[in-house]
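Let me begin by presenting the structure, written as structure tokens, before commenting on it.
FYI, it's all coordinate maths here, none of it is from the lab. Everything numeric here is computed off the predicted structure, so don't read it as measured data. Please note: Cβ atoms are built from the backbone with ideal geometry, for glycine as well, and neighbour counts cover all protein chains shown.
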Amino acid sequence: MSALSSVTAATLAKDLRLEWRSKDAINSMLFFSLLVVVIFSFSFNPTAEESRQIAGGLVWVAFLFAAVVALNQTWARELRNQVLDAYRVSPAPAVALFLAKAIGNFIFVSVLEALMMPLFVVFYSLRALGPAWQLIPAAALGTWALVVNGTFFAAISIRTRSREIMLPLLLFPISVPALLGMVEATSSILTGEYSAKFWIVLLAVYDVVFTTACLILFETVLNAE
Amino acid sequence: MKRAFPIFALITAGLLSFALYQALVVAPTEQTMGDVQRIFYYHVPSAWTAFILFFTNLVASIVYLVRRNLKADAVAVVSAEVGLVFLTVNLVTGPIWARPVWGIWWTWDWRLTSTLGVWVIYVSYLMLRRFSASTQTPVLASVMGIFGAACVPFVYFSIWYFRTQHPSPVIGRGGELDPRMAHVLLINWLAFSCFAFLVCWSRYRLERVRREVEETQALEALLETRSVR
């Protein structure tokens, strides 16, 4: 267990330091989601009441697209200088590597959400009519759902031809229930018309099932020859 | 084994023609919808058959990961492909029926939406097979098969809740099914299952031959480069 936590911590610290120095992922994600916000508002031009109805979907579609940008870079960095092969032959548990990458992506996407949310509120003049604190568990569970599957499928897609385009093709179909959960939870909190509880529970179950599947199958994917 | 295939093909052809006769002539005409309802005998069995094949894909994927048996991988690719074709038949016959009965081709009703969701998952499975390097395809595809199958219940459950919360304008076909109709439906399902099995069988043989040819070609290429040296 100590090997697991120390390898996870070391890999995570390395990724965070790299990101802190380069700020590649966060900058590209921020600008990308800003573009999505602007383009959406041009193409729909919503009023305050309409934007409350569609904001849940809009916010999460923007984050989903932006997250793909960061997820694509997750493993690409390890391909240079055969770092991934070194991981493969090292005795470090593969699960630790996966957890570090998933937690790292979770931090990146959470930072993105924290920075973008005020902008959404201003641009679309949003005000939650339901219990606003529920947005935090919904966002955390939803982000983990995207990131855990995204990190896993990024590890699959780097082994394919045209790897950048392959990730969304694999990730989006599997993410449909999670996306529906996030969108519906957010919409229900913003409009205050119905309870978000069911969707938060659904996201929690989804997270448990897919995190387990990722942890069990990651070593197989890492060693696929 | 060589003789079994044509015999089974003959049986399937007979069964399919019998089922067609049953569906078009013997089955009673539906009171409100009329003859267009008869598409039901193709629509429903194709969905059931597709789901049996997707389940086969899941089992074959797990067997491949445990045993690393390439035959299991061939079964997985064949069942996903043929299952996708049958689900496409289901998705195409649906709108053909819906247009005269509901007045619209498509509605985002939970059944339609979730079936489309499952269809998309298996398309991405086949895309992964096509785009990955051939030596890694079996492992990556089996993993994807397991993830896809794990996602199917979530798709159905979430969309069901989503759509019951926002009622759709379409009322499902309620009431009891006439026992004669149920009988015809089951005959059609049997015929469809046999047909699917037949297609899978021949596709499986093709897949085995294709892999043998690939292996031989790779071996020949290897020998040629050696003789040149």
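Charge dipole (Cα centre; +1 on Lys/Arg Cβ, -1 on Asp/Glu Cβ; no other charges) of chain B amounts to roughly 500 debye. With the simple spin-label model, which puts each label point 7 Å out from Cα in the Cβ direction, the residue B:8 to residue A:5 separation comes to 5.6 nm.
According to the Cα-based calculation, Rg over Rh for chain A is 0.99, with Rh computed by the Kirkwood formula.
Scanning chain B for DSSP H helices at least 18 Å long along the axis (C-alpha atoms) with a Kyte-Doolittle mean no lower than 1.6 picks out B:4-21.
Determine the shape class of the protein assembly as shown: with a ≥ b ≥ c the square roots of the Cα gyration tensor eigenvalues, call it rounded for a/c under 1.5, and otherwise prolate if a/b is greater than b/c, oblate otherwise. It is oblate, given that a/c is not under 1.5 and a/b is not larger than b/c.
Determine which aspartates and glutamates satisfy two conditions relative to residue A:23: a Cα distance under 15 Å, and not lying fewer than 8 residues away in the same chain. Here the aspartates and glutamates satisfying the reach criterion relative to residue A:23 are A:15.
Think of the range A:1-96 as a dipole: +1 on every Lys or Arg Cβ, -1 on every Asp or Glu Cβ, centred on the Cα centre; then among A:34, A:46, A:96, A:96 lies furthest on the positive end.
Span-like helix criteria (full DSSP H runs; alpha carbon extent of at least 27 Å along the helix axis; mean Kyte-Doolittle hydropathy of at least 0.5) are satisfied in chain A by A:24-44, A:48-79, A:94-123, A:135-157, A:163-191, A:197-222. Annotation: aspartates and glutamates with alpha-carbon distance below 13 angstrom to residue A:14 (same-chain offsets under eight excluded): A:78.
Contact order, relative form, for chain A: 28 percent (alpha carbon pairs under 8 Å, 6 or more residues apart, mean separation divided by residue count).
The share of C-alpha pairs in the range A:95-214 whose separation exceeds 25 Å stands at 28 percent. Legend: P(r) of chain B from all alpha carbon pair distances, 10 Å bins from 0, whole percents, reading 7, 25, 30, 22, 10, 3, 2, 0.
Mean per-residue shielding of peptide B:148-161 is 5, counting Cβ atoms of other chains within 10 Å of each Cβ. Excluding the site residues themselves, the longest part of chain A lacking any trypsin sites (Lys or Arg not before Pro) in a DSSP loop with at most 13 other Cβ atoms within 10 Å is A:24-126. Of the residues A:138, A:79, A:126, the one whose Cα sits farthest toward the positive end of the charge dipole of chain A, with +1 on the Cβ of Lys and Arg and -1 on the Cβ of Asp and Glu, is A:79. For a straight C-alpha distance cut-off of 20 angstrom, the aspartates and glutamates reachable from residue B:2 (same-chain residues fewer than eight places away being disregarded) are B:207, B:212. With a cut-off of 11 Å between beta carbons, the residues surrounding residue A:142 carry a summed charge of -3, where Lys and Arg count +1 and Asp and Glu -1.
Only the Cβ atoms of Lys and Arg (+1) and of Asp and Glu (-1) were treated as charged; on that basis the dipole of chain A about its Cα centre amounts to roughly 460 debye. Taking Cα centre as origin and charging only the Cβ of basic (Lys, Arg, +1) and acidic (Asp, Glu, -1) residues, the dipole magnitude of the range A:93-206 rounds to 320 debye.
Can you tell me how the range A:147-222 classifies by the Cα gyration tensor, rounded, prolate or oblate, using a/c under 1.5 as the rounded cut? Oblate.
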